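Heads up: the structure comes next, in structure tokens.
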Amino acid sequence: MIRLYQFLRGYVRVEAEGLHLEKLLNLAMANRIYLWEVKRLNEQKISFYVSNRGYRMMEDYAYKTGSKLCIVTKKGAEVVWKTTKKRKVFAVLSFVVIGAILAASSFIWTVEIEGGEFIERDKIISTLSTFGLGVGKFRKNVDFTQVSNQLIQDYDEILWANAEFHGTRLLVTVVPRIRPPERISKEIPTNIVAKKDGFIKEIKAENGDAMVRPGDTVVKDQILISGLIPSPTVGSRYLHSIGEIRAITWEERSMEQKLYRYEKVPTGKESIHREVILPFLKIPLDFRQSIDFYNYDSIIKEKNFLFLTYRETNRREYTLAKQAITVEQAVESATACLAEQMAKDGIEQVISQKVSFDRIDEETVLVTMLAECEEELGIPREIIKSADTQ
């Protein structure tokens, strides 16, 4: 932003020559005169950029230090304006181009959908069009809360949605709805079977015959509630089994864990890049765009002003330091990861757990967790009728 201000006010490239150039620079800094791209040309000569106002102030300091100032080039809005006045055709074309940019910035040129891989793009575009939003549409004030709510109402696949303008770009963010497994129709006869080995704690058969009792040990795929009801008078009946089976199960999980971890250590170096983004053009405000470091975190700040966006990117360097951890810390970290894995796999409650570890090498341990859990054990499975019973 400072460079933009200097451009509007005008600035010059100056070459200073003398025996006390350090004193000249110190006087400029002491009086808060902003100099940039200061370069030493030889032992008695330097060059730098300074604003027009700063140059007038430095003339007095040059006299005091016995230095000689020479303007090499003049730059800024004033210079551009003077050049433009001499070229009327160029001036007219410039105004036309600027006017075209301003007009173009009033339209939506791109529509980006973030997180929408699970839904057809045309569906979202269709809903946006009902609010007058789309590529080539005029940018106008829209109640984006209403747009988001409409997307959620129109499509069951969407759990959450958000829409907002970024310059001439319309960004729509959607989050998918995670659906439970599809239920088998009640018209289809089913058994309830065990999804894994377990110890029956409680069983409630609402529809069908319970084939096990509390205290029984069962194995995977064993029928817990049967939907096949034999009858000596009317023959076998087929039901859609319904019930609840709570059971104790056992899980054994293991993972390798290193006895070290990498931590970010800030070096204190940072690089700030500023730019103004127009609909069809990016204007850098910093002369130097290269980055001298490889590992860094980026902090981006943006401000929107009608048709343009001011973006400031602060890149802060860090190094990765290898930090040793104790075996206890490694086991604790691995235990937390294993517990998180079981939660993602649908394990409802861990009653107790036993953790052990084995040393693989000097930097690695194998952590094993044996957990006793309580969960719903039954899952429905369709009964395939034999040909003679149909």
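Out of (1) surrounded by 13 or more Cβ atoms within 10 Å (Cβ to Cβ); (2) at pLDDT 90 or above; (3) among the hydrophobic types (A, V, I, L, M, F, W, C), what's the single condition that is false for residue 170?
Going through (1) surrounded by 13 or more Cβ atoms within 10 Å (Cβ to Cβ); (2) at pLDDT 90 or above; (3) among the hydrophobic types (A, V, I, L, M, F, W, C) one by one, residue 170 breaks only (2).
As an exercise: evaluate residue 294 against (1) in contact (Cβ under 8 Å) with a residue 24 or more places away in the chain; (2) of a type in the set (Phe, Trp, Tyr); (3) loosely packed, with under 12 Cβ neighbours inside 10 Å and give the number of the one condition it does not meet.
(1)
Quick check on my filter: what residues within segment 39-64 are over 48 Å from the mean Cα position of the chain (by Cα) and farther than 10 Å from residue 16 by Cα? Don't jump to the end; show me each part of the working.
Step one: list which residues in segment 39-64 are over 48 Å from the mean Cα position of the chain (by Cα), which gives 42-45, 56-64.
Residues satisfying the conditions are 42, 43, 56, 57, 58, 59, 60, 61, 63, 64.
What number of residues within segment 132-176 are in a strand (DSSP E or B), aliphatic (A, V, I, L, M) and more than 30 Å from residue 282 (Cβ to Cβ)?
Here is the first cut: in segment 132-176, the residues in a strand (DSSP E or B) are 138, 158-166, 169-176.
Still in the list and also aliphatic (A, V, I, L, M): 158-159, 161, 163, 170-172, 174-175.
Adding the requirement that they be more than 30 Å from residue 282 (Cβ to Cβ) leaves 158-159, 175.
So the answer is 3.
From the set of residues in segment 113-130 that are hydrophobic (A, V, I, L, M, F, W, C) and out of contact with any Lys or Arg (no Cβ under 7 Å at 6 or more places or on another chain), which is surrounded by the most Cβ atoms within 10 Å (Cβ to Cβ)? It would help to see each step written out before you state the result.
To start, the set of residues in segment 113-130 that are hydrophobic (A, V, I, L, M, F, W, C) comprises 113, 118-119, 124-125, 128.
Still in the list and also out of contact with any Lys or Arg (no Cβ under 7 Å at 6 or more places or on another chain): 118-119, 124-125, 128.
Details: 118: 12, 119: 17, 124: 21, 125: 15, 128: 23.
Looking at residues that are hydrophobic (A, V, I, L, M, F, W, C) and out of contact with any Lys or Arg (no Cβ under 7 Å at 6 or more places or on another chain), I get 128.
Taking the stated definitions as given, is residue 201 in contact (Cβ under 8 Å) with a residue 40 or more places away in the chain and outside any loop (DSSP other than H, G, I, E, B)? Step through it out loud before you land on a result.
Values: in contact (Cβ under 8 Å) with a residue 40 or more places away in the chain: yes; outside any loop (DSSP other than H, G, I, E, B): yes.
The answer is yes for residue 201.
Determine, yes or no, whether residue 317 is closer than 18 Å to residue 257 by Cα and among the acidic types (Asp, Glu). Write out each step before concluding.
Numbers: closer than 18 Å to residue 257 by Cα: no; among the acidic types (Asp, Glu): yes.
The answer is no for residue 317.
All but one of (1) part of a helix (DSSP H, G or I); (2) at pLDDT 85 or above hold for residue 71; which doesn't?
(1)
Residue 304 is checked against (1) modelled with pLDDT of 90 or more; (2) polar (S, T, N, Q); (3) surrounded by 12 or more Cβ atoms within 10 Å (Cβ to Cβ) and fails just one. What number does that condition carry?
(1)
Which residues, counting only those in segment 311-332, are in contact (Cβ under 8 Å) with a residue 40 or more places away in the chain and part of a helix (DSSP H, G or I)?
Within segment 311-332, 327, 330, 331 qualify.
Give the residues of segment 255-277 that are of a type in the set (S, T, N, Q) and exposed (fewer than 15 other Cβ atoms within 10 Å of the Cβ), sorted by residue number. Walk me through how you get there before you give the answer.
Step one: list which residues in segment 255-277 are of a type in the set (S, T, N, Q), which gives 257, 267, 271.
Selection gives 267 alone.
Can you name the number of the only condition in (1) among the polar types (S, T, N, Q); (2) loosely packed, with under 10 Cβ neighbours inside 10 Å; (3) within 32 Å of the chain's Cα centre (by Cα) that residue 352 fails?
For residue 352, the exception is condition (3).
Select from segment 109-118 the residues that are of a type outside the set (S, T, N, Q) and either over 22 Å from the mean Cα position of the chain (by Cα) or outside any loop (DSSP other than H, G, I, E, B) (or both) and list them in ascending order.
Taking segment 109-118 first, the residues of a type outside the set (S, T, N, Q) are 109, 111-118.
109, 111, 112, 113, 114, listed by residue number.
Residues that are out of contact with any Leu (no Cβ under 8 Å at 6 or more places or on another chain), surrounded by 15 or more Cβ atoms within 10 Å (Cβ to Cβ) and hydroxyl-bearing (Ser, Thr, Tyr): does segment 230-245 have at least one?
Scanning segment 230-245 turns up at least one residue that is out of contact with any Leu (no Cβ under 8 Å at 6 or more places or on another chain), surrounded by 15 or more Cβ atoms within 10 Å (Cβ to Cβ) and hydroxyl-bearing (Ser, Thr, Tyr).
Does any residue of segment 90-112 turn out to be modelled with pLDDT of 85 or more, surrounded by fewer than 16 Cβ atoms within 10 Å (Cβ to Cβ) and either outside the structural domain of residue 172 (by TED's automatic domain parsing) or within 30 Å of residue 164 (Cβ to Cβ) (or both)?
Pass one, segment 90-112, residues modelled with pLDDT of 85 or more: 111-112.
From what's left, surrounded by fewer than 16 Cβ atoms within 10 Å (Cβ to Cβ): 112.
Cutting the leftovers down to either outside the structural domain of residue 172 (by TED's automatic domain parsing) or within 30 Å of residue 164 (Cβ to Cβ) (or both) gives us 112.
Yes, segment 90-112 has at least one match.
What is the number of the single condition among (1) over 30 Å from residue 104 (Cα atoms); (2) out of contact with any Phe, Trp or Tyr (no Cβ under 8 Å at 6 or more places or on another chain) that residue 313 does not meet?
For residue 313, the failing item is (1).
Return yes when residue 115 is within 21 Å of residue 158 (Cα to Cα) and free of Cβ contacts under 8 Å to residues at least 60 places away in the same chain and no when it is not. Can you show your working first?
Values: within 21 Å of residue 158 (Cα to Cα): yes; free of Cβ contacts under 8 Å to residues at least 60 places away in the same chain: no.
So residue 115 does not fit the description; no.
For segment 189-207, name all the residues that are closer than 18 Å to residue 236 by Cα and out of contact with any Pro (no Cβ under 9 Å at 6 or more places or on another chain).
First, the residues of segment 189-207 that are closer than 18 Å to residue 236 by Cα: 189-192, 207.
Matches in segment 189-207: 189, 207.
Considering only residues that are in contact with a Leu (Cβ under 8 Å, 6 or more places away or on another chain) and in a loop (DSSP other than H, G, I, E, B), which ones fall in segment 1-60?
Listed by number, the residues that qualify are 1, 18, 44.
Please find, within segment 119-140, the residue that is farthest from the chain's Cα centre (by Cα) out of those that are under 25 Å from residue 156 (Cβ atoms) and among the β-branched types (Val, Ile, Thr).
130
The values are calculated or read from the model by the stated rules, or taken from the named source; none is laboratory data. Please read all numbers here as calculations on a predicted model, not as lab measurements. Ideal geometry is used to build each Cβ from the backbone, glycine not excepted, and the neighbour counts take in all protein chains shown.
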